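The values are calculated or read from the model by the stated rules, or taken from the named source; none is laboratory data. These numbers come from a predicted model, not from an experiment. Here the Cβ positions follow ideal geometry from the backbone for every residue, glycine too, while neighbour counts run over all protein chains shown.
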Amino acid sequence: METSQSNKNNTIIESATSGDYKYGFVTEIDTHIIPKGLSEDVVRYISQVKNEPEWLLEFRLKAYRHWLTMKMPRWAHLDIPEIDFQAISYYAAPKPKEGPKSLDDVDPELRKTFDKLGISLEEQMRLSGIAVDAVMDSVSVKTTYKERLAELGVIFCSISEAVRDYPDLVRRYLGSVVPYRDNFFAALNSAVFSDGSFVYIPKGVRCPMELSTYFRINAAETGQFERTLIVADDDAYVSYLEGCTAPMRDENQLHAAIVEIVVEDRAEVKYSTVQNWYPGDKDGKGGIYNFVTKRGLCRGDFSKLSWTQVETGSAITWKYPSCVLQGDNSVGEFYSVALTNNYQQADTGTKMIHIGKNSRSTIVSKGISAGHSQNSYRGEVKVVPKATGCRNYTQCDSLLLSSTSGAHTFPRIDVQNESSIVEHEATTSKINEDQIFYCNQRGISTEDAIGLIVNGYAKEVMAKLPMEFAVEAQKLLSISLEGSVG
Amino acid sequence: MNSLKQYIDIFKENRRAIDDHSALALNRLRNDACKVLENATLPRKGDEDYETTDLNEMFAPDYGVNINRVNLTADPDEAFRCDVPNMSTSPYYFFNDIYHHHGDFAQQSSGVVISSLRKAASDYPELIAEYYGKIAPLDDAQVALNTLLAQDGIFVYVPRNVVLERTLQIVNIMNVAYPAMAVRRVLVVLEEGAQARMLVCDHTQSRTVQCLSNQVIEVSVGKNAVFDFYELEATAETSNRASSMWIRQAAGSNLLINGMTLANGATRNNYHISVDGEHAETHLLGMAIASGKQHIDNHTLICHNAGYCHSNELFKYVLDDNSTGAFSGKILVAPDAPKVEAYQSNRNVCASTSAKMFTKPQLVINTDDVKCSHGATVGQLDQEALFYMQTRGIPEHEARTLLMQAFMSDVIDGVRIDALKDRLRHLVEKRFAGTLSNCGECAGTCLKVKGKITKNDEI
């Protein structure tokens, strides 16, 4: 018994440390890619291909025109090479364009892809009870469990379907949390977004299963611009998971997504991300530029929004999942582990905007830097004058694994009344040599010891992840640290 | 509008007068400063590290500059309000930006130079050329503006292994009849093993006229030297201040800076410390007590360019009424600076519903073998402690004062001169009790005895 247990453990460690990016395959499926470049015609074309109503085209065009007036922001602690926005194809979709009616209709190659990713759709449907919406190259290919969710009135579908089937809902909420003027990438996404997920949980419904989306960039020289919109009506609850992978390519690819969440009275949304886009090779060649705008609006009283993220991938990560705590007694949470290795760069954190009275927020951010990477936490906690009795606690720790890596903390605290309490603390230190030595003594190699220590360090955040994701995330941390010793 | 323009115009129109009333070493940099300013703007509100302070607006009023160095007929004895009991100091004065030395200074025999910057520039041109404008970078718009117009200041030079026993006290007194800007420049050079302590007090006698101090302080702390710098601002609501301090620390040196703002209009203090040698120690402390419409913004940058150094930073604010406070601090550890220990802390109390605090503590760490931390809090006085004291018969306002005093005590504890520590405790107590700014003429601790001000109770 013991032997088999220890064998099992060994296999886990082996698979966890056996190296490189395992999602780096390319699926040879027929993809519909439009020529490179961005213009009003491209925006119109995307809208036309997707049979969109006039108002959405208008929205896209307004966004596009606004985007033209904007400049690429440079304030982050990131070294971003010049991006040629005309060298990207803004629409790539697996053919056929018609949505599949059942699993049998899904392209077998595509299904193999998702099997490789460990998200066999059938498996997911049968065993884990997670409803999956898989988005490949910007287009949603399959949403599982739709029928069962429909019984409860839960809408979980691709955003293009939602535009077709529930235009009023989409129109009401789209751009209400992240307006197209918000920032450079939000404007770009609003102009060219091709698909994404839409979730609506009606009043009083507790979503019986976790909803999940997998994003996959497959085609070369394309960008991915998906958009997620989640609305939890009064007293509703939903836990939403997001995972992402991409093939290994020498050139950089752009991913600029928007996630908008609206949380009404007493509702709760839990949003978990395991971000594992291709991070580039050991010399920093290739990898995804991950520039994402994620924001939730806790509009109702006693509403709650919780962001949990494990960021191990992407050449450059630039994202700040935020909470606008508008309702009285609303709660915002942000738990993050960001690991960078080799030449990865991450500038990530959160914003907590306290507008409602007695709103509370918690931020726990753990950064791990190895290799030549740069890892920054950037956050803002703002309490407006009328938001009395607010409470925020922020903790951001950085762990440094190499002398060539960097860990930075840039928090902003802006308190405009007397009855709120805001706390921030941060530490930066090297991995504890005594702990590594202790592990070595017990026969654990330095590399495994680091994996153990890092997982222990990140445990506080991992504990917030749903079970299935926690296991995957734990493995990811170890894999991403591969080769960082010495 | 770019408020620099008016100063560039003043400079161009009065170049000759400015040069004539200054010295060659100072004049030499003016052209370069002018070039920088022609293509620059002062930071505006919302710019990086200037989230709450608009320097462009601060410099925008039509301030007069005393280019022809018209001497003010002020009596230093009359103006002296900064006596620290039980502490012997050597006082030096600035009336607006006119240097005035009162009394003699015996220590000059050991090679120590304490004199007007203008005089030093002609007496010790090599020393001034070596350090003046070399520590504060000209590409900073405020520094460039200061360099453009500064005609005088104070120069302190402490030679190798000389210890200044007496604390140097510099008293800045603003007394203007029309809106004016004082352009002050301070240059301090401590050679290897030297030790000095400096106390700078800022006051305003004109309480109805707007004035602005534009101050640049350059300090070079030599190997194993020890330098204490205390700054106490107790001016008035009409008085604004833009001060920037640039310090270079060599190996093994020990630096203490304690900046205190008790009364002011709008203040922006920059502290840029570059720790260039190993085993150096840096203590940067600050305190701000604000009420009314006071605005206090402290910006700090500690660059650890060498390993095995220790830095400790603590800033505390108490904000009342409509006052606003801001703190932005950055600790930067260079890639090849191992074993650095750097701690930064910013604690704030908002005591009224309309007081605002903005804080941005930052760490930029580029190597792994360090221990760095920062913390920031914004909150109120502990309600339970207040209640407890009231149950013991202490009235609420007294209990609040006691708690606020206790809150500030660790900044005062950092002071390394006992007599000054006592004095500061006393001042802070008065400030919280609301009696510090009661006197119409003086921001000090004004106890009027039969219409006469008793000196010992003033700052």
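Here is how the numbers come out for the structure above:
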{"item": "Residue match in region A:234-242 (condition: within 25 Å of A:Gln345 (Cα to Cα) and at pLDDT 90 or above)", "result": "no"}
{"item": "Pick from region A:312-341, criterion at pLDDT 95 or above and β-branched (Val, Ile, Thr), ranking: surrounded by the fewest Cβ atoms within 10 Å (Cβ to Cβ)", "result": "A:Val331"}
{"item": "B:Pro395, sole failed condition from (1) away from every other protein chain (no Cβ under 13 Å); (2) touching a residue at least 24 places away in the same chain (Cβ under 8 Å)", "result": "(2)"}
{"item": "Selected residue (criterion: farthest from the chain's Cα centre (by Cα)) from residues of region B:368-388 that are of a type in the set (A, V, I, L, M) and buried (at least 18 other Cβ atoms within 10 Å of the Cβ)", "result": "B:Val370"}
{"item": "From the options A:Gln344, A:Gln275, A:Gln309, residue that is surrounded by 23 or more Cβ atoms within 10 Å (Cβ to Cβ) and farther than 30 Å from A:Leu169 by Cβ", "result": "A:Gln344"}
{"item": "Which listed residue is farther than 28 Å from A:Ile479 by Cα and of a type outside the set (Phe, Trp, Tyr), from A:Ser303, A:Ser272, A:Ser314", "result": "A:Ser303"}
{"item": "Neighbours by Cβ (under 6 Å, 6+ apart or cross-chain): first from region B:154-178, aromatic (Phe, Trp, Tyr); second in a strand (DSSP E or B)", "result": "B:Phe155/B:Ser115; B:Phe155/B:Leu187; B:Tyr157/B:Val113; B:Tyr157/B:Val189; B:Tyr178/B:Gly64"}
{"item": "So B:Glu313, is it outside any strand (DSSP E or B) and under 26 Å from A:Gln374 (Cα atoms)", "result": "no"}
{"item": "Failed item, numbered, when A:Leu401 is tested on (1) over 21 Å from the mean Cα position of the chain (by Cα); (2) aliphatic (A, V, I, L, M); (3) more than 8 Å from chain B (Cβ to nearest Cβ); (4) buried (at least 17 other Cβ atoms within 10 Å of the Cβ)", "result": "(3)"}
{"item": "Residue ID - surrounded by the most Cβ atoms within 10 Å (Cβ to Cβ), chosen from residues in region A:48-98 that are part of a loop (DSSP other than H, G, I, E, B) and among the aromatic types (Phe, Trp, Tyr)", "result": "A:Tyr90"}
{"item": "Scan of region A:233-260 for residues that are aliphatic (A, V, I, L, M), out of contact with any Pro (no Cβ under 9 Å at 6 or more places or on another chain) and assigned to a strand (DSSP E or B), ordered by number", "result": "A:Val238, A:Leu254, A:Ile258"}
{"item": "Qualifying positions in region B:47-57 - without any contact (Cβ under 8 Å) to a residue 24 or more places away in the chain, within 12 Å of chain A (Cβ to nearest Cβ) and not in a strand (DSSP E or B)", "result": "B:Glu48"}
{"item": "Region B:355-375 residues that are at the interface with chain A (Cβ under 7 Å from one of its Cβ atoms) and closer than 21 Å to B:Ile289 by Cβ, paired with ones that are of a type in the set (Asp, Glu) and in a strand (DSSP E or B) (beta carbon under 7 Å, 6 or more apart)", "result": "B:Phe358/A:Asp414; B:Gly375/A:Glu425"}
{"item": "Criterion: in the same structural domain as B:Val186 (by TED's automatic domain parsing) and not in a loop (DSSP other than H, G, I, E, B) - qualifying residue of B:Ala17, B:Ala60, B:Ala40", "result": "B:Ala17"}
{"item": "Region A:355-392, residues that are under 19 Å from A:Pro321 (Cβ atoms), more than 10 Å from chain B (Cβ to nearest Cβ) and of a type in the set (Ser, Thr, Tyr)", "result": "A:Ser359, A:Ser361, A:Thr362, A:Ser365"}
{"item": "Selection from region B:352-367 of residues that are buried (at least 23 other Cβ atoms within 10 Å of the Cβ) and more than 22 Å from the chain's Cα centre (by Cα)", "result": "B:Ala355, B:Leu363, B:Ile365, B:Thr367"}
{"item": "Only listed residue being outside any helix (DSSP H, G or I), more than 13 Å from chain B (Cβ to nearest Cβ) and within 24 Å of the chain's Cα centre (by Cα), chosen from A:Lys464, A:Lys475", "result": "A:Lys464"}
{"item": "One residue from A:Ala346, A:Ala426 being of a type in the set (A, V, I, L, M, F, W, C) and more than 9 Å from chain B (Cβ to nearest Cβ)", "result": "A:Ala346"}
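Per-residue answers, yes or no, for (1) under 25 Å from B:Lys371 (Cβ atoms); (2) among the hydrophobic types (A, V, I, L, M, F, W, C); (3) in contact (Cβ under 8 Å) with a residue 12 or more places away in the chain:
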| site | (1), (2), (3) |
| --- | --- |
| A:Ser405 | yes, no, yes |
| A:Asn417 | no, no, yes |
| A:Ser420 | no, no, yes |
| A:Glu433 | yes, no, no |
| A:Ala449 | yes, yes, yes |
